Structures are given as structure tokens and as C-alpha cells.
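Note sheet for the following structure.
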Amino acid sequence: MNYKYPECNAVVDVTKPPYNADNTGKTDCTQALCRVFDDICGEYKKNLLESKARLEKMEDPNALVTFEIRKVAGKHNVVFAEELPLKKIIYFPNGTYLVSNTISYSIEEFRNILFDRPYMEMNTQLRIKGESRDGVVIRLKDNCKGFEHGQDRAVISFDQAGTSNIAQSNMIEDITVSVGKGNPGATGIRYFANNTGAVRNVKIISEDSEFRGNTGFAVTQKYVSAGYVKNLEVIGFNYGVKVTSMLLNICFEHLTLKNQKRAGFYTMDTVVAIRDMHSENEVIALYLEGTASFVSLVDAVLLGGHPAEAAIRQKWGQLYLRNIKCEGYDLLKDGGCYANPIKGNYLDEYCAGGPVTLFDNDKKSLNLPIEETPETEWEAPEKWVSVNSFGAKGDGVTDDTEAIRAAMNSGASTVYFDSGKYLIDDVIEIPATVNRVNFMFCDLASGKNIAGMSKTGVFKVVGESDTPLVIEDILAFELFYGYSTFIEHASKRTLILSDLQTQALSLYFNSVSGGKVFIENVGNTLGGVPGAGVRTEPLPFEDKFPYSREVPSFEFNGQKVYARHLNPERSLHETVNNGGTLWVHGCKSEEDGIAFETHNGGSTEVVGFISAVNIDKDYPLILNDNSNTSVFGTTFCMTVTQRRPIFVKEIQNGEERIIRDTDLPFHYINNHFIPLYVGKKYK
């Protein structure tokens with residue numbers, strides 16, 4: 001598929017002025033591409049400095065300091081700028097881009113201090129999009145200085161060897177990265193993201209005759225807390241994929257690994273969920289090290305192994321396997337305390353130390369049927385309709401409701417937004433004539449009327465159609481808040497939610513049962529908490545809307561839902577399944593609310609889940625209320641004073657039972673893991 005955008009402020013074409021990157025493969029374009037990164041990151045630096053300056057002028061700066069700001073050594077350190085700059089999509093038209101060094105930002109001051117830790121990077125909203133995977137090639141020069149044996153230097157990097165917890169919405173899609181020939185110290189992509197982030201349709205190759213290279217795809221800085229990696233292919237390198245980012249999570253789907261020299265996939269001390277992995281290697285296909293490793297592998301074909309080796313080696317950590325086929329070597333060898341060797345070439349289901357149940361169950365996971373996200377048409381740009389062409393200003397002050405409504409009712413099948421902040425003050429319906437709404441990573445703001453509405457979506461999906469509706473690409477910050485919800489699904493039309501994050505407004509509920517929802521890389525940071533971001537002035541309606549955590553981040557009523565990387569946070573009811581079927585591949589939640597609750601005979605399966613726990617409360621992590629649930633997950637507590645006392649509460653036919661942390665295997669510090677909890681409704 002070829003992806004082209006209309007000309008607009010939201011997209012930066014690297015081949016056009018002022019960058020003029022050469023895409024013929026003849027001229028080194030390293031400097032031009034790094035300049036793109038610096039210009040985009042520079043806008044964020046500017047906003048950070050402005051926010052800090054305003055804070056320093058306040059008579060009592062601590063009065064309005066929220067969790068978004070820290071005062072260290074008498075100085076303010078703004079984790080988020082007061083107003084997020086409107087970043088651009090970095091767009092690569094088809095062609096070959098020759099480089100000789102790492103493509104990244106170089107702003108030396110692009111750092112901050114968080115939780116008394118220096119050098120937290122502001123590496124957020126870096127979005128790279130190619131016209132097509134095979135048509136766009138970023139190629140490292142052959143025998144390039146700095147990429148010799150013993151090095152680990154990336155061709156594209158989303159960090160500068162620091163760490164972060166605000167690297168939201170980092171993306172790279174539809175692109176090929178080649179490390180060329182004679183660059184044994186080259187790594188293709190070093191990736192980092194928090195809360196939301198995605199890698200899609202990416203190929204990373206070594207053109208060396210011996211497939212030399214350090215790592216194809218690396219996630220090596222700690223506190224990565226998001227990332228949905230889909231359709232990644234790596235050919236060559238010592239390691240195809242290396243994930244050593246401490247403790248948090250990333251998930252992979254449709255992963256192809258070939259011709260690695262040490263291991264196809266190597267991971268240490270991280271929560272990783274993998275589905276549909278295809279490996280063709282003599283070496284180990286999946287290698288776990290580190291006591292905090294927590295890995296699920298579902299639906300894998302591991303071929304080409306050496307008889308002296310194993311397809312999977314679990315040195316330490318916890319492992320869940322389902323539907324694994326291998327050829328040429330034994331399936332699993334252990335070197336740690338949980339795993340047992342498994343010979344043969346097929347495994348149905350395996351979880352060392354589990355499963356755990358509370359009632360008389362068959363102790364098998366739900367193994368829910370999994371549907372792929374439908375492929376949808378990407379229309380030619382001349383068919384796209386901008387809300388700005390109907391009079392929307394995107395200035396954060398003008399009420400853009402009627403202009404956006406007019407664009408939705410224009411009959412166009414693709415409606416898009418441009419850079420800006422669009423103020424909305426009433427419900428906007430998305431009719432059946434619209435097949436795609438692309439927010440182009442703009443920002444939104446709530447008017448007083450819409451902020452006060454409850455059980456209502458700001459955008460309401462209405463009407464039936466056989467064509468799925470795609471809603472994609474937004475990071476809506478703190479002025480988009482209140483008791484309403486971002487999306488109300490008021491029809492049975494199939495809905496695809498992709499690359500969405502709301503900072504202070506709950507994200508989704510459906511008011512019409514039935515239908516299907518496909519979710520890829522969607523997060524809700526505050527789940528119904530209005531106005532909890534950084535402000536040097538009170539929010540417009542702060543006195544009217546008190547702090548509320550009762551609104552669910554996601555609420556699914558009688559639906560079939562397939563979620564690939566979900567990030568609900570801080571609501572007391574983060575993800576609610578009411579009588580439907582919910583399958584989740586990769587998830588992070590935070591705080592003390594219920595991460596997953598299932599009611600009225602629904603079925604929820606979660607494969608690869610971590611909950612960051614900050615407050616010792618008695619809310620269960622999982623609630624199974626006369627329903628069906630299976631979960632493979634763990635907690636993330638940084639200190640011995642933090643804990644999750646109750647992991648599971650299950651109610652069946654009026655009888656209530658619980659699983660406490662002390663009932664489960666120890667993981668690390670004050671964390672415990674669920675080695676596959678299974679709870680099924682009595683028949």
C-alpha cells in the first residue's frame with residue numbers, strides 16, 4: 001500500500017525545502033534528516049522553557065505544582081510543557097536515502113529531571129512515516145566509520161542513551177532500514193516509547209554476505225512502557241530483536257526473524273508479549289534472561305534449528321507458551337528456577353508455576369478466537385476533506401464544532417484535521433458515509449457545555465455500514481477534559497481505533513451493543529480526571545468539575561473486541577467488559593483501580609499484562625463477576641512500600657473468593673505474578 005497525504009501543515013516532506021533530502025541514494029542526507037528531528041524537537045524545548053519561566057515568576061510556585069512538575073535543588077523541572085507543541089509527521093516519499101551516521105535529534109538541552117533522576121529525555125511525538133515499506137529505504141553507507149565490530153550504533157534512534165517516562169506517541173511505519181555492507185557494529189532501529197507508540201510494516205536488513213550487524217530492532221533503555229510492533233521483519237544481525245529495557249512492557253505481532261547469528265529474539269527483565277512469530281534460524285529463536293523477564297509467546301513457528309540447541313531457552317524469568325511449532329531442535333531448554341525442558345516439535349499450552357484457579361475449572365486459558373484488524377482503503381489525497389476547509393480554525397479559542405460537523409456531513413469518506421487545537425462544545429456525529437477520520441495528531445479542547453455532559457461521546461459513531469470506520473492518530477492533551485468521553489459507539493458498525501491517546505478524558509464506550517471493535521495502540525492516561533495536567537493558571541472550568549475517577553477508560557457492552565496494546569490508567573474502572581468478548585494482547589495499567597473487570601457472562605482474555613502500582617489499596621487488579629477470565633500478568637512496584645494486596649476477586653453464583661499477592665509466586669522487589677489465572681462461569 002502507498003501512503004500519501006494531502007499538502008498540509010501537519011506533514012513534513014523531507015525531500016522538500018528547507019530539508020531537500022536526496023532520495024536517489026547518491027547523496028548523503030544525514031545532515032538534512034537530523035535537522036528535521038532537531039526542528040521538531042526544538043518546538044518542545046521552547047514550550048518547556050516558557051513553562052518553566054512562568055513558574056519561576058509565581059509568588060508561590062508550589063501552590064499549583066502537580067505530578068507533572070518537580071522542584072529539585074530549588075529549580076522547577078517541567079515534565080510536560082503547559083501546552084504541547086503540535087509536532088509534525090516526518091514523511092518519506094519512496095526512494096533511497098543514504099546516511100553515514102545515526103538519524104536522531106542532537107539538542108543537547110533536550111533533557112529534564114524527573115523523580116530526582118537526571119537526564120530524562122523529552123523524546124516525545126517523533127513520528128516517521130514512509131510512503132511504502134519496500135519503496136522507502138534508509139541505507140547506511142558500506143564500511144561506515146563508527147559502525148565497526150564492537151559498536152552498537154543505530155541507524156535511526158528514538159533516544160540518546162537516556163531514559164524517559166513521557167515519550168508518548170513515538171511512531172515509525174512503512175519503511176526499510178538497511179545497514180549496508182561491512183558494518184558489523186550497526187543496529188537498525190533503537191526504539192523507545194511511553195504509554196502509546198507503534199512500529200508497523202518495517203523491514204530491517206543487513207546486506208552483508210555474512211549478515212553482520214549488531215541488532216536489528218533494539219529497545220534497550222529502561223522504562224519503556226508502550227509499543228505495539230506489527231509486521232516487523234529482520235534479516236541478519238547477531239540479534240534480530242533485543243529488548244532489555246528494564247521492567248515495563250512492549251508487544252509484538254506478526255514478527256519474522258531470519259539469519260540471526262546469536263538469537264532471533266533476546267529479552268531480559270522486561271514484560272514482552274509476542275504473537276505470530278516466524279523464525280528461521282539455527283540459533284535460539286527466543287532467549288530469556290533476567291529474573292524480571294516476563295514473556296508470552298502465542299502462535300509461533302520456529303524453524304531451522306540445530307539439534308544441539310533449543311527453540312526457546314529460559315534462563316530466568318516467567319514464560320507462557322501456546323500453540324508453538326518447531327523443527328530441527330527441542331522446543332524448550334531451561335536454565336532457571338521455573339522452566340522444565342520440553343522436547344518434541346509441538347506445544348499446546350504451557351505456563352511454569354500455573355495456572356491458578358479459585359473454583360473448579362479445567363485450568364486451560366480461554367484461548368479466545370482472534371481476528372486480525374481489517375485492512376482498509378487509504379484513499380488518494382485529493383479525496384480527503386479537511387475540517388479547516390469548512391471554517392475550522394484550530395486555534396483553541398474559536399468554537400469549531402459546526403465546521404467539524406459540516407465536514408463529517410459533507411459526504412466525503414476521509415475527513416482529516418490539520419495541525420492545531422480544535423475547541424469542541426457539542427456532540428459531533430460521524431455518519432456512515434465517513435470511512436476514515438484522521439486527526440493527524442492534532443490536539444483538542446473541551447468547551448464548557450461538552451465538558452459537563454456525562455455518558456456522552458464528543459464524537460458519536462452513528463449509522464450502519466459494511467465498511468469499517470477507522471479513527472486514528474491523536475494525542476489530546478489536558479484541555480480535552482470533563483465527564484464526557486472521546487468516542488461513543490452508537491451503532492453496530494465495525495470500528496478500528498488506531499494510535500489514539502487522551503490525557504484527561506475517558507476514551508471509549510458503546511451505547512449500542514453488538515458489533516466489533518479493533519484496537520491498536522490506544523491509551524487513556526487519566527481516565528476521566530479533568531484538568532490534571534500542568535497549569536500555571538486554573539483550567540477554564542476547574543471549579544465546576546471536581547476530580548472524578550469513576551468514568552471507565554474503556555467500556556465495552558456486548559461487543560467483540562480485539563485489543564493490541566491497551567494502556568488504561570488511573571480510572572477506578574480502567575477496562576470494563578459487560579457481557580461481551582474481549583481479547584487483549586499486551587497491556588499496561590497504572591494506579592489502584594480495577595484494570596480489567598468482566599460482568600454478565602462476558603469473556604476476557606489478557607496475554608501479557610503489567611500493572612504499575614503506586615498506592616496500596618484494596619481494589620482487585622482483576623474482577624471476574626459471574627463471567628470468564630484468563631490473565632497472564634504481573635505488577636510493577638518500585639519499592640517495598642508499594643503493593644497490590646488483592647490480585648483477583650472472582651464471584652460465581654453468589655460466592656466470592658480472592659487471590660492475594662501472598663498467594664502468588666514472587667517476581668521481584670514487592671511484585672508478584674499471575675502464572676495464568678483462569679476463572680470460568682459455571683455451566
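The values are calculated or read from the model by the stated rules, or taken from the named source; none is laboratory data. What you are looking at is a predicted structure, and each value in this text was computed from that prediction instead of being measured. Because the Cβ atoms are built from the backbone with ideal geometry, glycine has one as well, and the counts that use them run over all protein chains shown. Areas reflect the complete protein model, heavy atoms only, side chains present, ligands, DNA and RNA absent. Shrake-Rupley method; radii C 1.70, N 1.55, O 1.52, S 1.80 Å.
Return yes or no: is M58 surrounded by fewer than 17 Cβ atoms within 10 Å (Cβ to Cβ) and modelled with pLDDT of 75 or more?
So M58 fails the test.
Condition test on E464, is it part of a strand (DSSP E or B) and of a type in the set (D, E, K, R)?
The answer is no for E464.
Within region 187-198, is even one residue under 21 Å from E280 (Cβ atoms) and open to solvent by 10 Å² or more (accessible area, probe 1.4 Å)?
For region 187-198, residues under 21 Å from E280 (Cβ atoms) and open to solvent by 10 Å² or more (accessible area, probe 1.4 Å): absent.
When residues of region 593-630 are filtered for being modelled with pLDDT under 95 and surrounded by fewer than 18 Cβ atoms within 10 Å (Cβ to Cβ), how many remain?
5
Please determine, by comparing only the residues of region 570-584 that are within 23 Å of the chain's Cα centre (by Cα) and at pLDDT 95 or above, which one is farthest from T662 (Cα to Cα).
Going through the qualifying residues, I end up with T581.
Across region 488-513, which residue is nearest to the chain's Cα centre (by Cα) among those that are among the β-branched types (V, I, T) and surrounded by fewer than 23 Cβ atoms within 10 Å (Cβ to Cβ)?
Residue satisfying both the conditions and the ranking: I496.
What pairs can you find where one residue is in region 639-662 and over 18 Å from E591 (Cβ atoms), the other is small (G, A, S) and surrounded by 14 or more Cβ atoms within 10 Å (Cβ to Cβ), and their Cβ atoms are less than 8 Å apart, with a gap of 6+ or different chains?
Listed pairs, sorted by first residue: E650/G679; Q652/G679.
S454 versus (1) modelled with pLDDT of 95 or more; (2) out of contact with any Asp or Glu (no Cβ under 7 Å at 6 or more places or on another chain); (3) surrounded by fewer than 23 Cβ atoms within 10 Å (Cβ to Cβ): which is the lone unmet condition?
(1)
Give L288, L257, L302, L297 a once-over and let me know the one that is surrounded by 22 or more Cβ atoms within 10 Å (Cβ to Cβ), of a type outside the set (S, T, Y), outside any loop (DSSP other than H, G, I, E, B) and out of contact with any Lys or Arg (no Cβ under 8 Å at 6 or more places or on another chain).
L257
Identify the single condition in (1) modelled with pLDDT of 95 or more; (2) open to solvent by 30 Å² or more (accessible area, probe 1.4 Å) that T220 does not satisfy, given that it satisfies every other one.
(1)
Of everything in region 483-501, what is part of a strand (DSSP E or B) and among the hydrophobic types (A, V, I, L, M, F, W, C)? Give them in sequence order.
F486, I487, L495, I496, L497, L500
Can you name the number of the only condition in (1) of a type in the set (K, R); (2) surrounded by fewer than 17 Cβ atoms within 10 Å (Cβ to Cβ); (3) part of a loop (DSSP other than H, G, I, E, B) that R644 fails?
Result: R644 passes all but (2).
Filter the strands (runs of 3 or more DSSP E) completely within region 365-444 down to those with at least 2 residues that are among the aliphatic types (A, V, I, L, M).
Because the criterion is at least 2 residues that are among the aliphatic types (A, V, I, L, M), the strands (runs of 3 or more DSSP E) in region 365-444 that meet it are 421-424, 428-430.
Going residue by residue through region 113-132, is there one that turns out to be open to solvent by 30 Å² or more (accessible area, probe 1.4 Å), in contact with a strand residue (DSSP E or B) (Cβ under 8 Å, 6 or more places away or on another chain), at pLDDT 95 or above and β-branched (V, I, T)?
no
Filter region 521-547 for residues that are surrounded by 22 or more Cβ atoms within 10 Å (Cβ to Cβ) and either out of contact with any Asp or Glu (no Cβ under 7 Å at 6 or more places or on another chain) or more than 20 Å from S571 (Cα to Cα) (or both); which is modelled with the highest pLDDT?
In this case the residue turns out to be V522.
Could you check region 260-285 and list, in sequence order, the residues that are closer than 21 Å to S164 by Cβ and open to solvent by 10 Å² or more (accessible area, probe 1.4 Å)?
Residues satisfying the conditions are M268, D269.
Of (1) within 30 Å of P369 (Cα to Cα); (2) outside any loop (DSSP other than H, G, I, E, B); (3) not acidic (D, E), A504 satisfies all except one. Which?
All conditions are met except number (1).
Could you tell me whether region 431-445 includes any residue that is over 16 Å from N409 (Cα atoms) and open to solvent by 30 Å² or more (accessible area, probe 1.4 Å)?
Checked region 431-445: no residue is over 16 Å from N409 (Cα atoms) and open to solvent by 30 Å² or more (accessible area, probe 1.4 Å).
Can you name every residue in region 23-33 that is buried (at least 17 other Cβ atoms within 10 Å of the Cβ), of a type outside the set (G, A, S) and out of contact with any strand residue (DSSP E or B) (no Cβ under 6 Å at 6 or more places or on another chain)?
Once the filter is applied, which keeps residues that are buried (at least 17 other Cβ atoms within 10 Å of the Cβ), of a type outside the set (G, A, S) and out of contact with any strand residue (DSSP E or B) (no Cβ under 6 Å at 6 or more places or on another chain), region 23-33 yields nothing.
Hey, can you tell me all the residues within region 579-598 that are assigned to a loop (DSSP other than H, G, I, E, B) and under 18 Å from F518 (Cβ atoms)?
If the condition is that a residue be assigned to a loop (DSSP other than H, G, I, E, B) and under 18 Å from F518 (Cβ atoms), then G580 is the only one that fits.
For region 197-248, list the strands (runs of 3 or more DSSP E) that sit wholly inside it and hold at least 3 residues that are out of contact with any strand residue (DSSP E or B) (no Cβ under 7 Å at 6 or more places or on another chain); which are they?
Passing ranges: none, list empty.
Check I189, I166, I172 and return the single one that is under 20 Å from the mean Cα position of the chain (by Cα) and either on the phi > 0 side of the Ramachandran plot or touching a residue at least 60 places away in the same chain (Cβ under 8 Å) (or both).
That would be I166, the only listed residue that is under 20 Å from the mean Cα position of the chain (by Cα) and either on the phi > 0 side of the Ramachandran plot or touching a residue at least 60 places away in the same chain (Cβ under 8 Å) (or both).
Looking for whichever is modelled with pLDDT of 95 or more and within 22 Å of the chain's Cα centre (by Cα) here; the options are L232, L303. Which one fits?
L232 is the lone residue from the list that is modelled with pLDDT of 95 or more and within 22 Å of the chain's Cα centre (by Cα).
Taking the condition among the small types (G, A, S) and within 22 Å of Y228 (Cα to Cα), does A292 pass?
Taking the combined requirement at face value, the residue satisfies it.
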